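The values are calculated or read from the model by the stated rules, or taken from the named source; none is laboratory data. Keep in mind that this is a model prediction, so the values were computed, not measured. Because the Cβ atoms are built from the backbone with ideal geometry, glycine has one as well, and the counts that use them run over all protein chains shown.
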Amino acid sequence: MLANSGSVRILIKGGKVVNDDCTHEADVYIENGIIQQVGRELMIPGGAKVIDATGKLVIPGGIDTSTHFHQTFMNATCVDDFYHGTKLVHYFLKQLEKKTQ
């Protein structure tokens with residue numbers, strides 16, 4: 001959803017946020033694809049698309065966290081590479097954008 005300023009704003013509300021050192025109930029506010037705030041009862045600008053994450057895990061910044069680019073195992077090299085990995089992230093973000101509009 002586009003707000004008056006032309007920004008894309010998303011509020012992921014009520015999820016269980018998982019980060020590097022803890023798990024807690026919180027909201028995640030994203031503007032133009034960048035996480036701006038994580039916490040409870042956030043003060044955010046109007047015009048945000050709200051996604052209800054109650055009962056769900058939210059992993060801010062976690063995209064394709066199990067990628068093994070250019071690693072060798074048993075004399076074979078993974079076919080994934082940086083070009084295809086970034087294309088996958090681009091596709092994922094476009095699909096997410098469609099669902100939030």
*Looking at residue 30, is it outside any loop (DSSP other than H, G, I, E, B), in contact with a helix residue (DSSP H, G or I) (Cβ under 9 Å, 6 or more places away or on another chain) and at pLDDT 85 or above?*
no
*Would you call residue 87 among the basic types (Lys, Arg), within 18 Å of the chain's Cα centre (by Cα) and at pLDDT 70 or above?*
no
*Name the residues in region 1-18 that are outside any strand (DSSP E or B) and either among the small types (Gly, Ala, Ser) or modelled with pLDDT of 80 or more (or both), would you?*
3, 5, 6, 7
*When you scan region 48-66, how many residues do you find that are small (Gly, Ala, Ser) and modelled with pLDDT under 90?*
3
